[in-house]
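Mind having a look at this structure? Questions to follow.
The values are calculated or read from the model by the stated rules, or taken from the named source; none is laboratory data. What you see is a predicted model; the values in this text were computed from it and never measured. Using ideal geometry, Cβ is built from the backbone for each residue, glycine included, and neighbour counts are taken over all protein chains shown. Calculation scope for accessible area: heavy atoms of the full protein, side chains included, ligands and nucleic acids excluded. Shrake-Rupley method; radii C 1.70, N 1.55, O 1.52, S 1.80 Å.
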Amino acid sequence: MSRTCGIDPRTIVVELVQQVIDAGAPLDVGFQRAQYSIPEARRSWARDLSYGTVRWFWRLEDYANQLLSKPVKRADRSILFLIIVALYEIEHQGTPAYAVVSESVNMIKRSARPWAAGLVNAVLREFLRQQVRLRESPTSATAASAHPVWLRDMIFSVYPDYAPLIIETGNSRPPMVLRVDTSRIDRDDYLQQLHHSGYTGHASPRSQWGVVLPQWARLTDLPGFESGLVSVQDDGAQLTPIALELKPGLRILDACAAPGGKAGHILETEPQTELVALDVDPARVRRIHENLERLGRHATITTDDARNSDNWWDGRKFDRILLDAPCSGTGVIRRHPDIKHHRRASDIDQFTRLQRQLLTATWELLNFGGIMVYVTCSLIPEENERQIRSFMDDHSEARENDLGPQFGEKRSVGRQLLPGIHDTDGFYYASLSRD
Ligand SMILES: C[S@@+](CC[C@H](N)C(=O)[O-])C[C@H]1O[C@@H](n2cnc3c(N)ncnc32)[C@H](O)[C@@H]1O
């Protein structure tokens, strides 16, 4: 849908949030598109409004449901979404409540449902009167944790000691983490450039390449972004070159490479490698091209299914294979809060089947003495240590290489970084050598 900048950004956000929650639309893609209809000066505010409302949706919906005398009709759900977005703005963005109420009432008056202006006004004003009680009395576990019950229960059962912190972190605004190309600029020198440009940022304690900014900045404003000096990548994801034990002259397969975050990092860390970057999704493969072009790095980029090596493999084995597998994404919920809404417990079996097929197919392409690094951004053992344990049970030639504490807490095989515990997103890493 093309629009002009004359449309109120709140209207755009309300429509986007409804698309994400009711129609299963991906938030990242939706916001990418929608942002061009929002004046530049208001984009980072609109981004927080969109992501934050999706993040806290169940809690805010619970407030709204308690305040409405009867549920809104299905056909009028846009009214409910308008109220929920307004509640986020009042509760989390510090906009004066009177301004939010009046903007929201004006917005509904301009919409196809002007008759609901009184209702919106009454619900928001009632929220202001009852907010303390509402915060203290969520009516369900989903509203209290702002996580679906299956995921909350899984986190409590697998990580009983850490669960409250993992959930709290899942509901927090993520920091923006940059990866500095230290082959081109020293990290401390980049930090100075950043400070001179008016940003606060500090060196990541976990990654030697990482710089952490407390809040989101516009990419094109960051010094050196356009010229590829820095990329955006969580510091938990920046450990891949260490796990891969890179050295010059290796032939490497990045089997699930798009959009090319880890591929770019491999090439920055060890340019003297022959990297094949493969992904099955053509639209995402275009992003590998764009990203490597910005970084000024080269790989052989191929669109295909990693499981069908007959189609794309030239018969020369690899010294290293990175399998950054498709997964539930349960470790990156603070960055992608729509995962909480879109993922179902029943999806996990499909992911584990695909991961196992990818492991089995790509393992055959690994040289003897070579290393495969398996990574997910999942917290779910079936996708992580249980997956690798079961794979090793069937492959006696696979031997685990120890990854240090930098990679988080030891699991029965591999290591796990946990949001809130290790100051990164949630990642699982395992390194296997082929004897
Ligand atoms: C976690 S993402 C990879 C992120 C990437 N390594 C990075 O650092 O930017 C997983 C990727 O697996 C790809 N994928 C899923 N099934 C695949 C298959 N059968 N063969 C190759 N790629 C696949 C998806 O398209 C997705 O881009």
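Can you spot a residue in the range 258-277 that is within 12 Å of the ligand (Cβ to nearest atom) and among the acidic types (D, E)?
Checking the range 258-277: not a single residue is within 12 Å of the ligand (Cβ to nearest atom) and among the acidic types (D, E).
Name the single residue that is least open to solvent (accessible area, probe 1.4 Å) among those in the range 334-371 being in contact (Cβ under 8 Å) with a residue 12 or more places away in the chain and among the hydroxyl-bearing types (S, T, Y).
Out of the qualifying residues, it is T362.
Does the range 305-333 hold any residues that are within 10 Å of the ligand (Cβ to nearest atom), part of a loop (DSSP other than H, G, I, E, B) and in contact (Cβ under 8 Å) with a residue 60 or more places away in the chain, and which are they?
Hits for the range 305-333 are A325, P326, V332.
Yes or no: A122 without any contact (Cβ under 8 Å) to a residue 24 or more places away in the chain, open to solvent by 20 Å² or more (accessible area, probe 1.4 Å) and not acidic (D, E)? It would help to see each step written out before you state the result.
Values: without any contact (Cβ under 8 Å) to a residue 24 or more places away in the chain: yes; open to solvent by 20 Å² or more (accessible area, probe 1.4 Å): yes; not acidic (D, E): yes.
Taking the combined requirement at face value, the residue satisfies it.
Within the range 143-154, track down each residue that is buried (at least 20 other Cβ atoms within 10 Å of the Cβ) and either farther than 21 Å from L124 by Cα or in contact with a strand residue (DSSP E or B) (Cβ under 7 Å, 6 or more places away or on another chain) (or both).
S145, H147, L151, R152, M154, listed by residue number.
So that you can scan it fast, the table gives a plain yes or no per residue for (1) free of Cβ contacts under 8 Å to residues at least 60 places away in the same chain; (2) open to solvent by 20 Å² or more (accessible area, probe 1.4 Å); (3) under 22 Å from V120 (Cβ atoms):
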position: V20; (1), (2), (3): no, no, yes
position: A23; (1), (2), (3): yes, yes, no
position: Y36; (1), (2), (3): yes, yes, no
position: Y51; (1), (2), (3): no, no, no
position: K70; (1), (2), (3): yes, yes, yes
position: Y88; (1), (2), (3): yes, no, yes
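Now for a different question. Looking only at the range 355-395, filter to residues that are of a type in the set (D, E) and farther than 22 Å from I155 by Cα; which one of those is nearest to the ligand (Cβ to nearest atom)? Let's see the steps before the verdict.
First, pick out the residues of the range 355-395 that are of a type in the set (D, E): 364, 382-383, 385, 393-394.
Next cut, farther than 22 Å from I155 by Cα only: 364, 393-394.
Values: E364: 15, D393: 23, D394: 20 Å.
Of everything passing the filter in the range 355-395, E364 is nearest to the ligand (Cβ to nearest atom).
When you go through (1) of a type in the set (A, V, I, L, M, F, W, C); (2) in contact with a strand residue (DSSP E or B) (Cβ under 6 Å, 6 or more places away or on another chain); (3) crowded, with 20+ Cβ neighbours inside 10 Å one by one for L222, which number turns out not to apply?
(2)
Here's a follow-up. Please enumerate the residues belonging to the range 257-287 that are within 18 Å of E245 (Cβ to Cβ) and either open to solvent by 50 Å² or more (accessible area, probe 1.4 Å) or not in a strand (DSSP E or B) (or both).
K262, A263, H265, I266, L267, E268, T269, E270, P271, Q272, T273, E274
Answer yes or no as to whether Y428 is among the hydroxyl-bearing types (S, T, Y) and in contact with a Ser or Thr (Cβ under 7 Å, 6 or more places away or on another chain).
Values: among the hydroxyl-bearing types (S, T, Y): yes; in contact with a Ser or Thr (Cβ under 7 Å, 6 or more places away or on another chain): yes.
Answer is yes for this residue.
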